[in-house]
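Worksheet: the structure to be examined is printed underneath.
We did not get these values from a lab; they are worked out from the coordinates using the rules stated. In this text, all values refer to a predicted model and were calculated from it rather than measured experimentally. Here the Cβ positions follow ideal geometry from the backbone for every residue, glycine too, while neighbour counts run over all protein chains shown.
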Amino acid sequence: MMPMENIADWIVIGIAVLAAIALLVIIVMYIQDVSQTSHAIRRNYPVIGRLRYRFESLGEYFRQYFFAHDRQEQPFNRASRAWVYRTAKGLGGLVGFGSTNNIQDSGSVIFVNSSFPLLEEEKTEPPPKVIGPLCRYPFEAKNRFNLSGMSYGAISKPAVRALAKGAAEAGIWMNTGEGGISPYHEEFGTDIIYQIGTAKYGVRDQDGNLDPEKLKAVGKRVKAFEIKLSQGAKPGRGGVLPAKKVTAEIAAIRGIKEGEISSSPNRHRDITNCDDLLMMIHTIRELTGRPVGFKAVFGSEHFPQELCEAIHRKGMEFAPDFITVDGGEGGTGAAPQVLIDHVGLSLKESLPIVVDTLCKYNLRDRIRVIASGKLVTSGNVAWALCMGADFAVSARGFMFSLGCIQSLQCHLDTCPTGITTHNKRFQKGLVVHDKAERVAKYAHWVNHEINVIAHSCGLKNAGEFTRKHVRILQKPGQSISLEQLYPEVTASPLSKESKKRSA
């Protein structure tokens with residue numbers, strides 16, 4: 001055994017060596033800082049100036065955990081995330097003492113409770129709703145709250161598998177996102193809506209056009225098709241998947257080259273107006289027999305009006321079976337900040353525009369409306385149903401159920417929870433079986449709690465919501481019924497006559 005004196009000597013030598021290395025590193029950093037010309041802080045304050053950039057990068061994480069109030073954070077505050085985490089773990093949405101939600105804030109949603117709510121034995125479950133009843137293969141959707149589009153590639157293989165398994169267990173549908181359908185979407189028998197993005201991944205020919213044979217083949221495996229015109233986080237900008245994420249498997253699924261950046265056009269090259277859109281909808285429906293709709297973020301009332309006029313002009317057989325209204329507050333894996341911050345109406349403004357326009361043109365019964373955009377809690381979803389949506393979908397809510405911690409690294413392939421990365425080291429933390437259970441529980445609780453709100457309003461179930469069941473706070477102590485803010489719209493005589501002729 002080495003004498004204690006020798007051990008002490010070696011410790012001193014080790015410390016001296018480490019100190020020498022540290023000093024050398026500091027000298028190198030000093031020389032780099034004073035000689036570079038890009039950063040004034042580093043040039044004026046060598047070495048120590050580097051801390052400024054480190055603190056800046058760490059700031060958003062410290063604010064998230066230590067300094068921000070439960071209701072202050074963006075894009076999702078801690079209270080909303082905590083609610084999802086609890087419900088996904090099956091712990092329920094119970095809290096004690098009182099709410100931290102300030103209902104005196106302008107715009108707050110207040111549901112109109114009944115003085116005499118229904119007894120337990122009078123309550124029912126919302127009946128399934130059929131999408132595309134006139135199609136050869138209508139889609140009967142069992143639940144009001146479902147899983148929005150997230151592409152395989154943008155999210156990882158274990159994430160797709162966990163979402164698919166959880167969705168199957170909960171009886172909700174799953175949207176593929178624009179990246180095409182993978183074996184992991186189909187592994188557990190989930191109801192699938194296939195999204196056709198501007199690059200038409202998975203159903204394209206070598207020139208990027210729709211391939212009829214591929215469409216027919218996919219049509220046998222999915223419940224419906226959704227044409228993506230745009231999404232709330234980046235209207236007018238196509239999806240981008242970095243080259244390092246385009247693996248051989250993802251390239252084969254999308255029909256592109258491995259290891260090359262996957263960049264979608266900013267719009268469909270073959271859709272330049274409403275007539276083109278309706279023609280594509282009709283073509284896909286005729287080829288596959290499946291319901292076909294589209295997803296878009298709306299900038300004003302003009303597009304929905306033009307669309308409805310085109311439907312009456314061409315005939316009901318060209319009408320979409322559903323419209324997914326994505327709010328400007330929607331999320332994505334990566335997008336220019338200027339588009340995320342400033343382009344596209346929020347769902348609170350665009351949803352009533354779309355619903356009321358469909359009513360005005362006597363198309364509301366023909367076309368289902370799906371609401372999308374930051375709808376992660378049962379209160380958000382119930383509001384959308386009251387506003388007139390038939391269904392609501394969420395992507396980021398289900399990401400939270402998988403364990404997302406809002407680290408804001410979706411675009412960097414460094415997601416610490418393994419959800420949006422292809423790094424195997426991070427993916428191993430996402431255990432499919434465990435996370436699938438959380439996905440299923442989260443979906444269950446949202447669909448359950450929208451009924452709880454309905455029961456509080458004196459309704460049998462969430463299928464009976466109308467605008468009179470919600471009030472919106474205008475200023476402290478003064479709210480107004482949603483029914484007054486957005487009065488009922490009746491069909492114009494012209495649209496009624498047009499519908500009769502087309503029928």
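Odds and ends about this structure:
- Placing unit charges on each Cβ (+1 for Lys and Arg, -1 for Asp and Glu) gives the chain a dipole about its Cα centre, and among Ser300, Gly259, Asn273 the Cα reaching farthest toward its positive end belongs to Gly259.
- Qualifying aspartates and glutamates (Cα of each under 15 Å from Cα of Lys428; at least 8 residues distant if same chain): Asp413
- Cross-link check: pairs Lys441/Lys468; Lys157/Lys435; Lys165/Lys435 evaluated at a Cα-Cα cut-off of 18 Å; pairs beyond the cut-off: Lys441/Lys468.
- Against the chain, whose longest principal axis is taken from its Cα atoms, helix 378-387 shows a tilt of about 30°.
- For the residue pairs Lys216/Lys348; Lys200/Lys244; Lys314/Lys374; Lys123/Lys234, the C-alpha atoms sit more than 30 angstrom apart in Lys216/Lys348; Lys314/Lys374; Lys123/Lys234.
- Relative to its Kirkwood radius, the Cα radius of gyration of the chain gives an Rg/Rh of 1.05.
- In this Cβ point-charge picture (+1 for Lys and Arg, -1 for Asp and Glu), the chain has a dipole of about 200 debye about its Cα centre.
- Value of Rg to Rh for segment 338-423 (Rh from inverse mean 1/r over Cα pairs, i.e. Kirkwood): 1.09
- Calculated from the alpha-carbon coordinates, segment 147-217 shows an Rg and a Dmax of 12.2, 39 Å respectively.
- Mean separation of Cα contacts under 8 Å (6+ apart) over length of segment 121-502, as relative contact order %: 19
- Ile256 long-range amide H proximity, modeled H, under 5 Å: none
- Residue-wise HN-Hα coupling along segment 318-332, computed from phi with Karplus coefficients 6.51, -1.76, 1.60 (Hz; x: Gly, Pro): 9, 5, x, 7, 7, 10, 8, 8, 9, x, x, 8, x, x, 6
- Under Karplus coefficients 6.51, -1.76 and 1.60, residue-wise ³J(HN,Hα) of segment 269-278 in Hz, glycine/proline x: 5, 9, 10, 10, 7, 5, 4, 4, 4, 5
- Close amide H pairs (under 5 Å, H built 1.01 Å from N) link Arg471 with Ile110, Phe111, Val112, Leu482, residues at least 5 positions away or on another chain.
- Spacing of the two label points (7 Å from each Cα toward its C-beta) at Gln337 and Asp205, in nm: 4.4
- Cβ-based net charge around Ser300, under 14 Å, with every Lys or Arg adding one and every Asp or Glu removing one: -4
- Rounded to 0.05, the FRET efficiency of the Tyr53 and Ala243 pair, given R0 = 30 Å and the Cβ-Cβ distance, is 0.65.
- Set of aspartates and glutamates with alpha-carbon distance to Lys89 below 14 Å, sequence-local pairs under 8 removed: Asp434, Glu437
- Largest first, the extents of the alpha carbon coordinates of segment 128-286 on the three principal axes equal 42, 40, 31 Å.
- For segment 422-469 versus segment 145-182, the gap between their alpha-carbon centres in whole angstrom: 15
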